[in-house]
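The values are calculated or read from the model by the stated rules, or taken from the named source; none is laboratory data. Everything quoted here is computed from the prediction, not taken from an experiment. Virtual Cβ from ideal backbone geometry, glycine too; neighbours counted across all protein chains shown.
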Amino acid sequence: MRKIVFVFISFVCAVLPLAGQQADDNLLDELDETIKSRDIYAARREGVLNNLKEGLVSQTDLQEKYKIYSRLFDEYRSFQSDTAIVYAEKKLKLAQKLKEEAKMDDSRLNLAEIYAIIGLYKESLDMLESIDRARLNEALVPYYYHIHCTAYKYMNNFAVTHQQRALYYDRLNSYCDSLVNAEKVGTNSYVFAKANYLMQKKDYKNSFMFLHSNYQKQDPLSRDISVYAYLMALNLEQENDKMGEKHYLIISATSDLKSGIKEYISLRRLAYLLYLDGDIDRAYSYMKVAMEDAIFCNSHMRMMEVSQILPIINNDYQIKKQKQNRQLFFFLVSISLLSLLLLLGIVYIYKQMKRINVARRQLKETNKELQEANMKLEEASRLLRLNVSSLEQFNNDMQEMNSNLKEANCIKETYIIRYMDLCSEYLDKIEIYLKRLKKLAVKGDLGILNNELNPTEYITENLNLFYNNFDLTFLNLFPSFVEDFNKLLKDDSRIELKGGELLNPELRIYALVRLGIADNINISRFLRYSLSTIYNYRTQVRKKALSERSEFEKKVMTIGVDIFSGL
């Protein structure tokens, strides 16, 4: 049953990516972007470190100071080994000052761990030997076994003789077994310890399944994602699943770089896999980054690991570059040869063109008389076209003049008739008015006579009559003037007439503009408005217009043109 489950998980996690290579390509693109931004991630970690150091300056409480040293050690452990050693030593001195055995043991374990990481295995084991296991605080026991496992695993990897390798392997198995028993079940530390133990027993299937079942429960942003992915990649490597191994190494390397650490393995192993796949450019780039970070961290072991592979990749990278340079050289030579052939072709074509030009000149001489005749014909045709064009323009001008004359005659005729009617009506009113005044004078009723002679009421009455007649006459000529005028204004600024109004002052002013009376003085005299009133009305209306001032009044002049064009 376990075999079936493992096969299924392997299929889901490794075989499917073969059919979906695009998924890993996307992950590699994300890793490339992460590498470009690795200085940003490192700066974030340095920001955390600086904050801790600032807190250390003002801290006087020794217990709190010890906690800050511990945090600084944890941050520097996978970032800068030399500095991590400094803070581990400071922890040890402070613990000795506090005379607390547990803190002294914890500090010694920190030093042992860093010694193992940077390749000082003897120093690491010596430091572990200085710790009395019997009195060791139970909370530190898993850490104690973990460092033993780490040291013996590295020593086993770099052992020279078979006897050494066998010895280190046995001790590694022993400590891995102790670590599993010491870790608290349910924690990630327990998962990692058990997975490593199963791998030591070469039970890669169960190790992978155990890791994968817990991996799915993790927060994608957790730092432990990197460890999970790396351990699963190791299991898949042993199962010869290169695609699955690469998939999880990409995830692990991306997580490492995003956390801003400098001491890691995944990117180097991924670079080697990509090299085997033929992606030499990426392999070279990743291996360079791994070497730069190993140097920054001062991890001699990581530098040694990278230096074992980097020359091979660098050699192939240089060979590839040389091949590309040769291809470029061949391409340039080919282009040069093609350019030479093109130049020879141009010379040949030039000679042929010279021959053609000689023949063309002879042909021109032969056709000269015909061309002269054609030119004369073209000149005559041009003059004819000019005459026709002039006649068409003259005809258009005459039509426009006729249209304007029709409009002017119509307006003039309408206003002459209205003027005569008004004059006749006004004479009748004057006659009636004078007769009434005469009767009042004969009667000697001076009070009523004085009231009748008050000009204001009389002028107002006749002015309103004048406006009404003007409005009626104008709207008779331009029935749609109000509607057309409003179309020239913004929607929220259109003029609305009150009940009984034909035109209001603004419309009356622009009615005169439509009739050709555009001067403010003439408009003022005609409508009996002050010049300032005329100016204000025109300014307000122009602000409401959809177009510029000059365009607006031109458009006003076109209102009702279609009425007169049909006359």
| request: Output the helices (runs of 4 or more DSSP H) that fall wholly within the range 133-201 and possess 1 or more residues being over 51 Å from the mean Cα position of the chain (by Cα) and of a type in the set (S, T, Y), or say none. | output: 141-157, 162-182
| message | With the requirement that a residue be without any contact (Cβ under 8 Å) to a residue 24 or more places away in the chain and among the polar types (S, T, N, Q), what does the range 133-177 give you? | response | N156, N157, T161, Q163, Q164, S174
| message | It is to be established whether one or more residues within the range 362-374 are within 50 Å of the chain's Cα centre (by Cα) and free of Cβ contacts under 8 Å to residues at least 40 places away in the same chain. | response | no
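Per-residue answers, yes or no, for (1) closer than 30 Å to M287 by Cα; (2) basic (K, R):
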site: L27; (1), (2): yes, no
site: E30; (1), (2): yes, no
site: A43; (1), (2): yes, no
site: V48; (1), (2): yes, no
site: E54; (1), (2): no, no
site: D74; (1), (2): yes, no
site: Y87; (1), (2): yes, no
site: K91; (1), (2): no, yes
site: R108; (1), (2): no, yes
| query | Can you tell me which residues in the range 46-94 are surrounded by 18 or more Cβ atoms within 10 Å (Cβ to Cβ), in contact (Cβ under 8 Å) with a residue 60 or more places away in the chain and in a helix (DSSP H, G or I)? | reply | R77, S81
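Here is a yes/no grid of residues against (1) under 30 Å from H212 (Cβ atoms); (2) crowded, with 19+ Cβ neighbours inside 10 Å; (3) modelled with pLDDT under 95:
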residue	(1), (2), (3)
D256	yes, yes, yes
G278	yes, no, yes
S285	yes, no, yes
D293	yes, yes, yes
C297	yes, yes, yes
N315	no, no, yes
| request: Restrict the check to the range 535-552 and report whether at least one residue is over 25 Å from N462 (Cα atoms), in the same structural domain as F485 (by TED's automatic domain parsing), basic (K, R) and in contact (Cβ under 8 Å) with a residue 60 or more places away in the chain. | output: no
